[in-house]
Amino acid sequence: MTNHIKSVKLLHEKYPTDDHYPFNLPIFNQTKRLEFDTPVTLFVGDNGAGKSTLLEALALGSGIHIWRRPEGARYQVNQYEEQLHKCLSVEWSNGKVPGAYFGSEIFRDFANILDGWAASDPGQLKYFGGKSLVTQSHGQSMMSYFRSRYQIKGLYLLDEPETALSPRSQLELLDIIGENSQAGHAQFIIATHSPLLLACERAKIYSFDHASVRIIEYEETEHYQVYRKFLLDRTNNR
């Protein structure tokens, strides 16, 4: 098994502001370093806790491009919104490796970009299941991407991949992650709300629901506890 990234350090002294997002989040001021000593690391926490923000910054800080279409006009722009990656120090095990960032909200953007590439070079599709992702349902195209892309050596960051996936497909994704991480060529860092993905064997879970990021066990996650309580007595736990 290979861990391409060993750790990431948050360089507080480089923060350009203390008053604007994301630098005003307490978790980014209290957390100094995260260790990645397992093939799969999971980020868990409530909405707005900072897990997706750190995941995206980690992708950019690792040299992984995030394929998304340019945003349209916005009412208000935060100049610091995408600056966190400049304040990270990534420690690699044996030099930088390529990889990919998956975001559930921008996956359709990537699928359309890939279709544009395939229009001039159909061979591009062989890396993503062999056929256009746009012509498949959202869930089907995601699974096609996961099956093909994660066979390649690299660092893979996923933001809430359970979106648009049935429970059965989530279990299939769990198998894909397990097989490729155990094969020794792929390392995964995943932000998720799914109790199925959180059950990934031998994964480390970092909770973002505290003053600083800390390690917790699967059974300590609110997601596990809420689902378990509901399923044991679904009539009295609404």
Furthest towards positive pole of dipole, I216, Y21, S104, structure part the chain, Cβ charges:
S104
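At 1.306 mPa s and 10 °C, plugging the Kirkwood radius over alpha-carbon pairs of the chain into Stokes-Einstein gives what diffusion coefficient in µm²/s? Write out the running numbers ahead of the final one.
Working: Rh = 18.9 Å.
Using the Kirkwood radius from Cα pairs, D works out to 84 µm²/s.
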Inter-site label distance for D121 and H85 at 7 Å from Cα along Cβ, in nm:
2.1
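So, with +1 on the Cβ of K and R and -1 on the Cβ of D and E, and no other charges, what is the size of the charge dipole of the range 1-56 about its Cα centre, to the nearest 20 debye?
Working: 6 positive and 7 negative charges, 43 e Å.
Magnitude of the dipole: close to 200 debye.
Gain in length, H12 to H65, computed as 0.36 nm per residue apart minus the alpha-carbon separation, to one decimal in nm?
Working: separation 53, 0.36 × 53 = 19.08 nm, distance 2.39 nm.
Between H12 and H65, full extension yields 16.7 nm more.
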Can you list the HN-Hα couplings for the range 7-12, worked out from phi with the Karplus curve (6.51, -1.76, 1.60; θ = phi - 60°), rounded to whole Hz and with x for Gly and Pro?
6, 9, 10, 8, 8, 4
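Expressed as cubic angstrom per residue, what is the convex hull volume of the alpha carbon set of the range 156-197?
On the way: hull volume 2.4 nm³, N = 42.
With only Cα atoms used, the range 156-197 gives 58 Å³ per residue.
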Which ³J(HN,Hα) values, rounded to whole Hz and listed in residue order, are derived for the range 82-96 from phi using the Karplus coefficients 6.51, -1.76 and 1.60 in 6.51 cos²θ - 1.76 cosθ + 1.60 with θ = phi - 60°, glycine and proline given as x?
10, 9, 4, 4, 6, 10, 10, 10, 9, 9, 9, 6, 9, x, 5
Can you tell me what share of the DSSP beta bridges in the chain is antiparallel? A percent to the nearest 5 is fine.
35
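About its Cα centre, how strong a charge dipole does the range 174-238 have in debye, to the nearest 20, once Lys and Arg get +1 and Asp and Glu get -1 at the Cβ?
Working: 7 positive and 9 negative charges, 36 e Å.
Approximately 180 debye in magnitude.
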I'd like the distance separating the alpha-carbon centroids of the range 113-153 and the range 17-51, in whole Å.
31
For a quick check: with amide H placed at 1.01 Å from N, whose amide H comes under 5 Å from I190's, ignoring anything fewer than 5 positions away on the same chain?
T41, L42, F43, L158
Long-range amide H partners of G103, meaning residues 5 or more apart or on another chain whose placed amide H is closer than 5 Å, are D159
Hey, with R₀ at 25 Å, roughly what FRET efficiency would S137 and E179 work out to, going by the Cβ-Cβ distance, to 0.05?
0.60
Dipole of the range 140-196 [Lys/Arg +1, Asp/Glu -1 at C-beta], most positive-end residue of H193, Y145, A164:
Y145
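Figure the gain on full extension for S148 and A211 (residue separation times 0.36 nm, minus the Cα-Cα span) and round it to one decimal in nm. If you can, show how the numbers build up before the last one.
Numbers: separation 63, 0.36 × 63 = 22.68 nm, distance 3.80 nm.
Computed gain between S148 and A211 is 18.9 nm.
Is there a quick way to get the dipole size of the chain? I mean about its Cα centre, with the Cβ of Lys and Arg at +1 and of Asp and Glu at -1; what is the value in debye to the nearest 20? Mind showing how you got there, number by number?
Details: 25 positive and 28 negative charges, 89 e Å.
Roughly 420 debye for the chain.
Over the range 198-238, what lengths in whole Å, largest first, do the semi-axes of the equivalent ellipsoid take, defined as the square roots of 5 times the eigenvalues of the alpha-carbon gyration tensor?
Result for the range 198-238: semi-axes of 24, 13, 5 Å.
Could you work out the equivalent-ellipsoid semi-axes for the range 2-62, taking the square root of 5 times each eigenvalue of the Cα gyration tensor, largest first, in whole Å?
Working: eigenvalues 90, 39, 20 Å².
Output for the range 2-62: semi-axes of 21, 14, 10 Å.
Just so you know, all these numbers are worked out from the coordinates, no wet-lab data involved. Model, not experiment: these values are computed from the prediction. When we count neighbours, we look across all protein chains shown, and the Cβ atoms used for this are built from the backbone with ideal geometry, even at glycine.
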